[in-house]
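Visitor: Would you mind keeping the following structure in view while I ask a few things?
The values are calculated or read from the model by the stated rules, or taken from the named source; none is laboratory data. Quick caveat, the model's predicted, so the values are computed rather than measured. A quick note on method: Cβ atoms are made from the backbone with ideal geometry, for glycine too, and the neighbour counts reach across all protein chains shown.
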Amino acid sequence: MVVRFVVQVVVWTFFCLSGAQAATFKLPTDGSYVVGKLQRHQVTKGETFARLANEYDVGLLSLIAANRGIDPFLPEDGEVLTIPNRFILPTAKREGIVINLAELRLYYYDPDGVHVHVFPVGIGRIGRETPQMVTSISAMIEGPTWTPPKSIRMAYEEEGIELPDKVPAGPDNPLGEYAMRLSYGSGQYLIHGTNKDFGIGLRVSSGCIRMEPSDIEWLFAQVERRTRVEIVNQPIKMAVEPDHSVFVESHEPLTARNGSKQSFDWPLELQIWLDTYQEAYSRVNGVIQIQTGMPTMVYDGSFE
């Protein structure tokens, strides 16, 4: 049986946090996996992708992927950019926090069962990958102290930098003002803020999930110990509308430790659907190869 994800037009709003705009969406009530809508932004002189990614709270790599061919450092004055604020929800339980590594996004499902809040995040860099897991928050820490593990201190020493045994809370703390410890392994993985003005929407951390200061402040106030956290790696997502049209969203796969792209399988429901609608294969393959990170129609329901 083909699994059908029903797509509907949804109402969405933005809430403002210290100048950044984090997206809040009403969840579909009919089994849909698609929320939000795309925005447009006309570039004014001096704007860069980094500045706009921060302004719209979408993640730098996501903004670049949605606007391929445009110089992210010097976009032309008057250029119209696509702001990627439409998503296919990851295939995961709609509860608590869901992080999709491939798209560098965190989804928080409101306990009211009505809303989902979407944030860009930074994840583990090559060699210090953020693992996939199903876990929960074990500790809520306001004003965290950073104790660099031995492996990180050694890595810094190789670059001629000596880290202290502990970094107290304050402006020099790379964990920012809030941290949530995950009940996984030895407890070394955190969802935390940052004292840097870069790294969100990039692979830059030592394995933790990094958020904008205003975003982690908001999220910290919503969750509590034992909140469910699921981390997945889904570079390809699929949704099917009631009229049988199909959307696919494709993200660039993460890079493995050896420098190659991680291998991945197309979603099973997409493979099943293509067994019936083989005419759509080239279109689906094209979307997957281009990797814009946005839901793209691959079938309009017209095949007999």
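Visitor: For ARG228, state whether it is closer than 27 Å to ILE126 by Cα, charged (D, E, K, R), in contact (Cβ under 8 Å) with a residue 24 or more places away in the chain and out of contact with any strand residue (DSSP E or B) (no Cβ under 8 Å at 6 or more places or on another chain).
Guide: No, not satisfied.
Visitor: Quick test of your reading of the structure: GLU103 fulfils all but one of (1) surrounded by fewer than 14 Cβ atoms within 10 Å (Cβ to Cβ); (2) under 21 Å from LYS261 (Cβ atoms). Name the failing condition by number.
Guide: Every listed condition holds for GLU103 apart from (1).
Visitor: Still on this structure, please answer the following. Between LEU182, LEU190, LEU163, LEU175, which is in contact with a helix residue (DSSP H, G or I) (Cβ under 7 Å, 6 or more places away or on another chain) and not polar (S, T, N, Q)?
Guide: Testing whether each residue is in contact with a helix residue (DSSP H, G or I) (Cβ under 7 Å, 6 or more places away or on another chain) and not polar (S, T, N, Q) leaves just LEU163.
Visitor: Please work out which residue is surrounded by the fewest Cβ atoms within 10 Å (Cβ to Cβ), limiting yourself to the range 264-299 and to residues that are farther than 19 Å from LEU101 by Cβ, among the polar types (S, T, N, Q) and under 26 Å from the mean Cα position of the chain (by Cα).
Guide: Once the filter is applied, the top-ranked residue is GLN289.
Visitor: Another one. Any residue in the range 271-283 that's free of Cβ contacts under 8 Å to residues at least 60 places away in the same chain: show its pairings with residues that are surrounded by fewer than 17 Cβ atoms within 10 Å (Cβ to Cβ) and not in a helix (DSSP H, G or I) at Cβ separation under 6 Å, as long as the two are six or more apart or on different chains.
Guide: TYR277/PHE303; GLU279/PHE303
Visitor: Does any residue in the range 141-160 that is over 13 Å from GLY176 (Cα atoms) and of a type outside the set (Lys, Arg) come within less than 9 Å, Cβ to Cβ, of a residue that is outside any loop (DSSP other than H, G, I, E, B) and at pLDDT below 75 six or more places away or on a different chain, and which pairs are these?
Guide: These pairs meet every condition: PRO148/TYR156.
Visitor: Which residues, taken from the range 170-187, are surrounded by fewer than 16 Cβ atoms within 10 Å (Cβ to Cβ) and farther than 17 Å from GLY199 by Cβ?
Guide: Once the filter is applied, which keeps residues that are surrounded by fewer than 16 Cβ atoms within 10 Å (Cβ to Cβ) and farther than 17 Å from GLY199 by Cβ, the range 170-187 yields GLY170, SER183, GLY185, SER186, GLY187.
Visitor: Okay, next question. Based on this model, can you work out whether ILE161 counts as more than 30 Å from ILE88 (Cβ to Cβ) and part of a strand (DSSP E or B)?
Guide: Spelling it out, it is not the case that ILE161 is more than 30 Å from ILE88 (Cβ to Cβ) and part of a strand (DSSP E or B).
Visitor: Kindly evaluate VAL43 against the criterion of being crowded, with 21+ Cβ neighbours inside 10 Å and either under 26 Å from ARG210 (Cα atoms) or at pLDDT 95 or above (or both).
Guide: Against the criterion (crowded, with 21+ Cβ neighbours inside 10 Å and either under 26 Å from ARG210 (Cα atoms) or at pLDDT 95 or above (or both)), VAL43 does not qualify.
Visitor: Within the range 205-245, can you find the residues that are among the charged types (D, E, K, R), surrounded by fewer than 19 Cβ atoms within 10 Å (Cβ to Cβ) and more than 18 Å from the chain's Cα centre (by Cα)?
Guide: GLU224, ARG225, ARG226, ASP243, listed by residue number.
Visitor: Sticking with this one: Taking strands (runs of 3 or more DSSP E) that do not extend beyond the range 18-91, which have at least 2 residues that are more than 19 Å from GLY201 (Cα to Cα) and within 16 Å of the chain's Cα centre (by Cα)?
Guide: Answer list for the range 18-91: 34-36.
Visitor: Name the one entry in LEU268, LEU254, LEU190, LEU202 that is hydrophobic (A, V, I, L, M, F, W, C) and under 26 Å from PRO28 (Cα atoms).
Guide: After applying the criteria, what remains is LEU268.
Visitor: What pairs come out if I take residues in the range 88-110 that are more than 19 Å from GLN222 (Cβ to Cβ) and pair them with residues that are among the charged types (D, E, K, R) and part of a loop (DSSP other than H, G, I, E, B) whose C-beta lies under 8 Å away, six or more apart or interchain?
Guide: Matching pairs, first to second residue: ALA102/GLU252.
Visitor: VAL248 - would you say it is over 18 Å from the mean Cα position of the chain (by Cα) and surrounded by 18 or more Cβ atoms within 10 Å (Cβ to Cβ)?
Guide: no
Visitor: For the condition at pLDDT below 90 and of a type in the set (A, V, I, L, M, F, W, C), what is the one hit in LEU81, LEU74, LEU38?
Guide: Of the residues listed, the single one that is at pLDDT below 90 and of a type in the set (A, V, I, L, M, F, W, C) is LEU38.
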